[in-house]
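The values are calculated or read from the model by the stated rules, or taken from the named source; none is laboratory data. For clarity, every value in this text was computed on a predicted model and none was experimentally measured. Virtual Cβ from ideal backbone geometry, glycine too; neighbours counted across all protein chains shown.
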Amino acid sequence: MSAWSASGLLIVILSNNPAYRVLVLLAALNFVVAYRRQRTTLRPLLLFVGVGTLISIAVSLLLSHTGAHVLLIVPAAIPVLGGPMTLESALYGVSAGLGISAGAMVVAPLSLVLEPNDLVDTLPAPLHRTGTTLAASLNLIPGISRSLTSVREAQTMRGWRPRGLRSFSQILVPVTLTALENSIQLAETMEARGYGSGPRTRMSRPRLHGVDVLTLACASIAVLAFIAGRFSGAVVDWYPYPTPTWPAVDAVMVAACLLLALPAIARRHD
């Protein structure tokens with residue numbers, strides 16, 4: 001699972017071509033839907049992807065005034081933002097937003113599919129402490145989200161209503177104290193179980209199943225194909241300047257992106 005996420009992230013980084021990023025995004029979405037844990041909601045992830053893309057487009061439109069096709073002209077009297085808003089800058093923002101969205105989606109299995117202890121088990125022994133810190137951090141985020149919902153509902157039942165920034169202290173202070181208390185309880189639990197007193201032990205070693213081998217093979221082939229394509233010139237970057245054109249795609253690179261979706265298809269037919 002970690003190898004699959006690393007492979008998809010590397011493909012997103014190797015090229016800014018929006019066609020490849022869309023394919024990786026769709027493959028990652030299928031992967032997360034097929035492998036996610038029960039009762040895991042995708043709404044926050046999809047919201048982050050959508051908002052991130054919109055922010056990228058807005059920032060590019062407002063700060064980049066390059067391009068021949070002008071959509072709107074902001075008065076020059078407005079500092080920094082003044083100038084033409086162009087189609088080219090909007091398309092560049094879309095490409096950057098797709099990179100953010102695809103990158104977030106390919107690493108989503110680390111928190112939506114894997115359990116924190118599974119993530120630690122995949123790391124070599126010298127990185128166990130780093131893995132424990134990472135796993136605790138990933139586990140802290142949903143805990144804060146649940147605490148925020150509970151505190152907000154409780155305060156609303158007591159008559160709380162948002163009345164400016166100062167009123168939110170009645171929400172943030174209990175959430176912060178709850179997060180600190182949970183962190184202290186986690187530290188005490190780890191100490192009671194002997195964390196740091198010796199090497200990590202397992203009751204049983206995990207075994208690779210057929211779908212795990214398929215996932216590892218697909219991830220390896222896809223990323224190696226993209227690395228080879230980058231050096232051979234088959235992977236071409238895309239820029240909307242000076243005039244927008246369709247992204248140039250290579251059939252082999254398209255197949256490599258689609259290969260990332262094969263484990264999800266195999267999972268559904270398993």
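Return the total of residues in the stretch 217-248 being β-branched (V, I, T) and modelled with pLDDT of 90 or more.
Total meeting the criteria: 3.
So if I check each of L71, L81, L91, L61, which one is free of Cβ contacts under 8 Å to residues at least 40 places away in the same chain and within 13 Å of P244 (Cβ to Cβ)?
The unique qualifying residue is L71.
Can you tell me how many residues in the stretch 47-69 are over 12 Å from L91 (Cα atoms), aliphatic (A, V, I, L, M) and at pLDDT 85 or above?
Residues that pass the stated criteria total 6.
What residue, among those in the stretch 179-205 that are more than 29 Å from the chain's Cα centre (by Cα) and part of a helix (DSSP H, G or I), is modelled with the lowest pLDDT?
Checked the stretch 179-205; the qualifying residue modelled with the lowest pLDDT is E191.
Would you mention how many residues in the stretch 209-252 are over 16 Å from A6 (Cα atoms), in a helix (DSSP H, G or I) and of a type in the set (S, T, N, Q)?
The total comes to 1.
For the stretch 226-270, name all the residues that are among the polar types (S, T, N, Q) and under 30 Å from V70 (Cβ atoms).
T243, T245
May I ask you to list pairs of residues, at least six apart or on different chains, whose Cβ atoms are under 9 Å apart, with the first in the stretch 250-263 being of a type in the set (D, E, K, R) and the second being crowded, with 19+ Cβ neighbours inside 10 Å and not in a helix (DSSP H, G or I)?
If the second residue must be crowded, with 19+ Cβ neighbours inside 10 Å and not in a helix (DSSP H, G or I), the pairs left are D250/V235.
In the stretch 33-57, how many residues are within 11 Å of the chain's Cα centre (by Cα) and either within 18 Å of C218 (Cα to Cα) or without any contact (Cβ under 8 Å) to a residue 12 or more places away in the chain (or both)?
Going through the stretch 33-57 one residue at a time, the tally reaches 1.
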